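Trainee: Handing you this structure, nothing more for now.
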Amino acid sequence: MGAGIIGVGGATPRHFKTNADLEKILDTNDEWIYSRTGIKSRYVADPDEQTSDFAYAAALKALQNANLCAQDIDMILVATMTPDMATPSVACLVQEKLGAFQAAAMDVNAACTGFIYAVVTAAQFIQTKVYQNILVIGSEKMTGLLDWTDRTVDVLFGDGAGAVIVSEVGDKRGLLAFELGADGRGKENLYANQRIYMNGNEVFKFAVRKMEECTEILLDRANLNQSDVDYLIPHQANIRIMEAARKRLNLPKEKMSCTVQKYGNTSSASIPLSLWESVRENKLKPNDIVLMVGFGAGLSWGGLVIKW
């Protein structure tokens, strides 16, 4: 039995900041930001907006897209590193807002790789027939971890959420392969307590290497060649890292989801937001081979191959 995605949704805060807006508060400019990251703007939450708000809004759209109601959901998994509070989980807050009281609920924290971890977790419950429909959300309020004084970090991140419904789709579709990994020895290169710290050079080298290695592992496990990949959805952290992954697969630019210029790095929301945009723009066709791959703090990495 295959586990696949049958519905997608996305949501963002009310307001956003362009690079021009950041020029007013940081020693930076649009050319410096865009040339190094590919980012033009990012959504920024107001003080009264929380991670669970975006998660809930994205969940409603995913349910509608899948033609399901909240009572059809057996489990809610929220990938996040910026919960509203230490406890209860964002998943429990979303459950209450949806009225999906029959659903189990928990959060998953693997930083920017969290959505991949959560989808793979959901697939195990579907494939073993424990649950039928699982709501998986990646939601973040990353700007809550910024002090707006550090141009090397503050220009990178944005807020938002993406959601999917993982359900049974038949033996020949859905999840074909996955890879999850972590190396805690790299923890000091990217971490957050009250603020985000990142060793940009080390993270860049790690990301490029792991995106390539993870892709090779995924294709081997799925018994696929590079030429079989129809669409790539990488973690939207930096256009140079994304381009390295695309060129490694010999994919034309139109075959890679690129939303970093609009949203910035939204951590665990990055891949599902890009998926949502791709679906809305009709870029995915039935039976397309879709590769999703990401990396993040931990240091963590992960990817999956889905037959759409």
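The values are calculated or read from the model by the stated rules, or taken from the named source; none is laboratory data. Because the structure is a prediction, the values reported are computed rather than measured. Note: ideal-geometry Cβ built from the backbone for every residue, glycine included; neighbour counts use all protein chains shown. Remember, those area values only see protein heavy atoms, side chains included, never the ligands or the DNA or RNA. Shrake-Rupley method; radii C 1.70, N 1.55, O 1.52, S 1.80 Å.
Trainee: How far is the Cα center of segment 1-63 from the Cα center of segment 97-126, in Å?
Mentor: 20
Trainee: Check the straight Cα-Cα distances from residue 24 and name the lysines below 25 Å, setting aside those fewer than 8 residues away within the same chain.
Mentor: Filter leaves 40, 141, 262.
Trainee: Charges at C-beta only: +1 for Lys and Arg, -1 for Asp and Glu. How large is the resulting dipole of segment 41-103 about its Cα centre, in Debye rounded to 20?
Mentor: 180
Trainee: Among 87, 176, 191, whose Cα projects farthest towards the positive end of the dipole of the chain, with charges put on the beta-carbon of Lys, Arg (+1) and Asp, Glu (-1)?
Mentor: Farthest towards the positive pole: 176.
Trainee: On the accessible surface of the chain, probed at 1.4 Å, how many percent belong to carbon and sulfur atoms?
Mentor: That fraction is 48 percent.
Trainee: Could I ask something else about it? Quick one: work out the % antiparallel among DSSP beta bridges in the chain, nearest 5.
Mentor: 70
Trainee: Follow-up question, since we're still on this one. With springs connecting C-alpha atoms under 10 Å apart, model the chain as a Gaussian network and identify which of 272, 13, 252 has the largest mean-square fluctuation.
Mentor: Result for the chain, Cα springs under 10 Å: 252 fluctuates most.
Trainee: Taking only protein heavy atoms into account and a 1.4 Å probe, give the accessible area per residue of the chain in Å².
Mentor: On a per-residue basis, 42 Å².
Trainee: Starting from the Kirkwood Rh over alpha-carbon pairs, what translational D in µm² s⁻¹ does segment 1-114 have by Stokes-Einstein at 10 °C and 1.306 mPa s?
Mentor: 98
Trainee: With point charges of +1 on the Cβ of Lys and Arg and -1 on the Cβ of Asp and Glu, referenced to the Cα centre of segment 18-136, which listed residue (130, 64, 20) lies farthest in the positive direction of the dipole?
Mentor: Farthest towards the positive end: 130.
Trainee: Also, I was wondering about something else. Restricting the calculation to Cα positions, tell me the Rg (one decimal) and the Dmax (whole number) of segment 217-308 in Å.
Mentor: Reported Rg and Dmax, both Å: 12.4, 34.
Trainee: In percent, what relative contact order does segment 40-193 have, based on Cα pairs under 8 Å that are 6 or more apart in sequence?
Mentor: 29 percent.
Trainee: Restricting things to Cα coordinates, could you compute the convex hull volume per residue of the chain in Å³?
Mentor: 118
Trainee: How large is the Kirkwood hydrodynamic radius of segment 179-219, counting all unique pairs of alpha carbons, in Å?
Mentor: So the Kirkwood estimate lands at 11.4 Å.
Trainee: Moving on to the next point. If you average the sequence gap of Cα pairs under 8 Å that are 6 or more apart and divide by the length of the chain, what percent do you get for the contact order?
Mentor: Once divided by the residue count of the chain, the mean separation gives 27 percent.
Trainee: Follow-up question, since we're still on this one. Would you list, by chain and number, the lysines whose Cα falls below 18 Å from the Cα of residue 187, excluding same-chain residues fewer than 8 positions away?
Mentor: Reachable lysines: 205, 210.
Trainee: Let me ask something else about it. Based on Cβ point charges of +1 for Lys and Arg and -1 for Asp and Glu, what charge dipole magnitude is obtained for the chain about its Cα centre, in debye rounded to the nearest 20?
Mentor: The dipole magnitude comes to about 660 debye.
Trainee: Take the alpha carbon atoms of segment 174-272, find their radius of gyration, then divide it by 2.2 N^0.38 Å using N residues; give the quotient.
Mentor: 1.14
Trainee: Could you give the Stokes-Einstein D for segment 95-251 in µm² per second, using the C-alpha Kirkwood radius, 10 °C, 1.306 mPa s?
Mentor: 89
Trainee: Find, to one decimal place in angstroms, the Kirkwood hydrodynamic radius of segment 44-89, where the mean of 1/r is taken over every pair of different Cα atoms and then inverted.
Mentor: The Cα-based Kirkwood calculation yields 12.1 Å.
Trainee: Out of segment 99-169, which trypsin sites (Lys or Arg not before Pro) are coil in DSSP terms and have no more than 12 other C-beta atoms within 10 Å?
Mentor: Listed in order of number, the matching sites are 129.
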